[in-house]
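Data first, discussion second: the structure below is written as structure tokens.
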Amino acid sequence: MVSSVIRKSQREQKESDKMIEEYKKEEEYITEDKSEYRDFFPVQITFVRGIQLVPEDFTIFGVAVNMITGYNTKIYGIQTGLICENSKLSGIQAGLICSSEYKMIGFQTGLINSAYYIAGFQIGLLNTVKQGSIRFMSIINIGF
């Protein structure tokens, strides 16, 4: 009789622990930020990297103008300046040096253009793509 009470108590404790773990997982799921567009802004103006209107980790939906150099994680629109850098661009990037660390979808034009992956066009003296069948091309490079 005592052993059955102890087993029942242990079973109830395991069920209680399991419910607490499930509750914690649900709580983490609810509070976890899933929005890739949580912090966004329509305009970015940058003098040099770090001296800019909004932080680098903000997503720009619109125009990013770099006086000398600028960086934003994600840009959906237009980025222009002497040196343009980002992680992901969907749109147009125009400058002396243009670089997308990860993905560039759209159009990149500059003296030197670089991207990890492109789905679009690069026009410049030196065009490089790290992930693609043609990794280097001068004048024009196309990737899809």
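Summary table
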read-out	value
Percent of beta bridges antiparallel (DSSP, the range 50-144, rounded to nearest 5)	15
Loop GluC sites (Glu not before Pro), the range 36-144 (other Cβ atoms within 10 Å of the site Cβ: 11 or fewer; DSSP)	Glu36
Total charge dipole magnitude, the range 35-130, about the Cα centre, Cβ charges on Lys, Arg, Asp, Glu only, Debye to nearest 20	160
Amide H within-cut-off set for Arg49, under 5 Å, with H built and near neighbours excluded	Thr69
Least to most buried among Ile51, Ile92 (fewest other Cβ within 10 Å first)	Ile51, Ile92
Computed E for Phe136/Phe61 - FRET, C-beta separation, R0 41 angstrom, nearest 0.05	0.80
Equivalent-ellipsoid semi-axes of the range 40-143, from the Cα gyration tensor, Å, largest first	22, 13, 10
Relative contact order computed over the range 40-143 (Cα-Cα under 8 Å; 6+ residues apart), in percent	14
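Rule-based calculations on the coordinates, nothing more; no lab input. Values in this document were obtained by computation on a predicted structure and should not be read as measured data. Using ideal geometry, Cβ is built from the backbone for each residue, glycine included, and neighbour counts are taken over all protein chains shown.
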